[in-house]
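Participant: Take a look at this one; I'll ask things after.
The values are calculated or read from the model by the stated rules, or taken from the named source; none is laboratory data. Note that the structure is a prediction, hence the values are computed from the model and not measured. All Cβ positions, even for glycine, are placed from backbone atoms using ideal geometry, and neighbour counts span all protein chains on display.
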Amino acid sequence: MRTRGGRGSSRRTQRLLLWCAATDRTFERAVAADGRPVLTGKCIHCNTRHTITEDGAPLTSASIEHIVPRAHGGTDAIANLAIACNRCNYGKGHRLDDRPWHDPTLQKVIATLQERRAARMRPPPEWLDLPPLAPAEGREADDGA
């Protein structure tokens, strides 16, 4: 279950959201209404604005988008991940995850998202203290996000 403000968000999801925001040029440093530093940027699908705290907690309906779906062998490699609205992410999964790998619609969506992600890719900013992309062995359970 994913909820706003990080309540219910796993450490894995928060870590991946933070890495996605850090490597996405649409995300910029900002200050939330409560004064804490955040990153704000756009959904890979619809460009809706999302806000992530500097520890990776989503303050909006942000989720991790696997560009190549995990059902088709997609991994947590940073080039395969992007931030998407829960609604956009669910819609893509509902429409495409059960299609065979060679399906032309699935391949077109993957190619489009890969192109968008590549265009947004940047090195993480030096001022952001990022956790390791992968957790230390045995320190964190996979939440299935």
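Participant: What pairs come up if the first residue lies in region 55-74 and is more than 16 Å from ALA22 (Cα to Cα), the second is of a type in the set (Asp, Glu), and their beta carbons are under 6 Å apart, counting only those six or more places apart or on different chains?
Facilitator: Between residues of region 55-74 that are more than 16 Å from ALA22 (Cα to Cα) and residues that are of a type in the set (Asp, Glu), the close pairs are PRO69/ASP97; ALA71/ASP97.
Participant: CYS88 versus (1) of a type in the set (A, V, I, L, M, F, W, C); (2) within 19 Å of HIS45 (Cβ to Cβ); (3) at pLDDT below 95: which is the lone unmet condition?
Facilitator: Failed condition: (3).
Participant: Is it the case that ALA57 is aliphatic (A, V, I, L, M) and in contact with a Gly (Cβ under 9 Å, 6 or more places away or on another chain)? Even if it seems obvious, please write down each step before you answer.
Facilitator: Numbers: aliphatic (A, V, I, L, M): yes; in contact with a Gly (Cβ under 9 Å, 6 or more places away or on another chain): yes.
Taking the combined requirement at face value, the residue satisfies it.
Participant: Quick one: in region 84-104, of everything that is more than 17 Å from ILE64 (Cα to Cα) and in contact with a helix residue (DSSP H, G or I) (Cβ under 7 Å, 6 or more places away or on another chain), which residue is surrounded by the fewest Cβ atoms within 10 Å (Cβ to Cβ)?
Facilitator: Selected residue: TRP101.
Participant: Just need a number here: residues in region 56-83 that are of a type outside the set (S, T, N, Q) and surrounded by fewer than 17 Cβ atoms within 10 Å (Cβ to Cβ).
Facilitator: If we filter region 56-83 for residues that are of a type outside the set (S, T, N, Q), which is where we start, we get 56-59, 62, 64-74, 76-79, 81-83.
Narrowing the set further to residues that are surrounded by fewer than 17 Cβ atoms within 10 Å (Cβ to Cβ) leaves 70-74, 77, 79.
Here the count works out to 7.
Participant: Oh, and also: Given the conditions (1) among the hydrophobic types (A, V, I, L, M, F, W, C); (2) assigned to a loop (DSSP other than H, G, I, E, B); (3) loosely packed, with under 11 Cβ neighbours inside 10 Å; (4) at pLDDT 95 or above, and given that ALA141 satisfies all but one, which numbered condition is not satisfied?
Facilitator: Among (1) among the hydrophobic types (A, V, I, L, M, F, W, C); (2) assigned to a loop (DSSP other than H, G, I, E, B); (3) loosely packed, with under 11 Cβ neighbours inside 10 Å; (4) at pLDDT 95 or above, the lone unmet condition for ALA141 is (4).
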